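Here the structure comes first, spelled out in structure tokens, and everything after it is commentary.
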Amino acid sequence: MKQKLISIIIPCYNEALNISTYFNAMQEMFSQIPNDQVEYHHEYIFIDDGSKDNTLKEIDQLQSIDPTEVHYISFARNFGKEAAFLAGLEAAKGDYVAVMDVDLQDPPEMLPEMLNGINEEGYDVVGCRRVDRSGEPPIRSFFAQAFYKFINRISSTKIVEGARDYRLMTRQVVDAILQMPEYNRFSKGIFSWVGFKTKYLPYQNVTRNAGETHFTFSKLLRYSLDGIVDFSDLPLSLASFVGLLTFALSIVAMIFVIVRRLMFGDRVSGWASLVTIILFIGGLQLFCLGIVGKYIGRIYLETKRRPVYIIKKKK
């Protein structure tokens, strides 16, 4: 009988209230997976992303009870979810690798269907996609939908609307992702960029088991901007277009002023309108410089070659 190892990567930041509940739900799910043709083994890789509560203590207790299945990596500080993903992918040894949240918003009961999608249907990646956003503030849902529409228009890398990070991947897909060593990481785009045969399973939105989300609106906005910069150069083209358009309009305005002066002898008056035009053009220049600066900043971080994360403790 074939044996397959499933590695589960679980990023955690101040999730002490969810650790034991998540672990029990996963153990219950694995006990129901049939081992008729393939004998499945599994390992948990918890990534403590610099938590300030008892998250690491809870994970350490699980690890002491089951050291063969439970492993963890604890960061020296909070490096962010993208760094946690990378650390987990680098540590995973499984034939299949899953990424999921610890708050049970990623339903464990969907994992057997994801396995079936790879083993029986021949997919390389099986992810999950929320078909609704019930429980979210309307303004947050609106901007999320707008982001997916916008980035799919300006980027050649298509991102499925409502797609979660929750997915099961073959070892080949994980190895391909690990070939992308960039410091600035946007996993939703990376997962799509590597390609491979992918299927998404729809499901209704699930609320958190306990605690509050750490992704505030401002963090999600910054995350969205990172995704746009990482997977599209259209903003740079937009800056060039705005500059060219402003230049063309200024030429037309200059010709108009000269012709008016020669034909009618009118003096150019109105300091208020002049100041308004100067401020307008200055604002456009700063806007374009801001776009260019965002890209230069990303290049700057890449060239420094700092590690994406630093490990404080590992078991």
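Structure notes:
- Candidate set: the range 94-106, residues that are at pLDDT 85 or above and not acidic (D, E); chosen: the one surrounded by the fewest Cβ atoms within 10 Å (Cβ to Cβ): G94
- D49 satisfies every condition listed in (1) closer than 13 Å to P112 by Cβ; (2) touching a Phe, Trp or Tyr at 6+ places or on another chain (Cβ under 6 Å) except (1).
- Scanning the range 297-313 for residues that are of a type outside the set (A, V, I, L, M, F, W, C), surrounded by 11 or more Cβ atoms within 10 Å (Cβ to Cβ) and within 30 Å of S64 (Cβ to Cβ) yields a total of 3.
- Number of the condition not met by K294 [criteria: (1) touching a Leu at 6+ places or on another chain (Cβ under 8 Å); (2) closer than 30 Å to Q63 by Cβ; (3) surrounded by 13 or more Cβ atoms within 10 Å (Cβ to Cβ); (4) modelled with pLDDT of 70 or more]: (2)
- Condition check for V126: modelled with pLDDT of 75 or more and either in a strand (DSSP E or B) or among the charged types (D, E, K, R) (or both): yes
- Members of the range 16-38 found to be touching a Phe, Trp or Tyr at 6+ places or on another chain (Cβ under 8 Å) and not β-branched (V, I, T), listed by number: F23, M26, F30
- Given (1) over 16 Å from the mean Cα position of the chain (by Cα); (2) hydroxyl-bearing (S, T, Y); (3) modelled with pLDDT under 85, index of the condition T170 fails: (3)
- Answer from S156, S141 - the residue that is surrounded by fewer than 18 Cβ atoms within 10 Å (Cβ to Cβ), modelled with pLDDT under 75 and in contact with a Lys or Arg (Cβ under 7 Å, 6 or more places away or on another chain): S141
- L284 surrounded by 11 or more Cβ atoms within 10 Å (Cβ to Cβ) and either touching a Ser or Thr at 6+ places or on another chain (Cβ under 9 Å) or in the same structural domain as G80 (by TED's automatic domain parsing) (or both): yes
- Boolean, R260 is among the basic types (K, R), over 19 Å from G297 (Cα atoms) and at pLDDT below 65: no
- Some residue of the range 46-54 being surrounded by fewer than 20 Cβ atoms within 10 Å (Cβ to Cβ), within 20 Å of I177 (Cβ to Cβ) and either touching a residue at least 24 places away in the same chain (Cβ under 8 Å) or not aliphatic (A, V, I, L, M) (or both): no
- Helices (runs of 4 or more DSSP H) (entirely within the range 1-94) containing at least 1 residues that are under 22 Å from I310 (Cβ atoms): 55-65, 81-91
- Any chance L220 is of a type in the set (A, V, I, L, M), in contact with a helix residue (DSSP H, G or I) (Cβ under 9 Å, 6 or more places away or on another chain) and at pLDDT 80 or above: no
The values are calculated or read from the model by the stated rules, or taken from the named source; none is laboratory data. Since we're looking at a predicted model, the values are computed, not measured. Cβ coordinates were reconstructed from backbone atoms using ideal geometry, including for glycine residues, and neighbour counts include every protein chain displayed.
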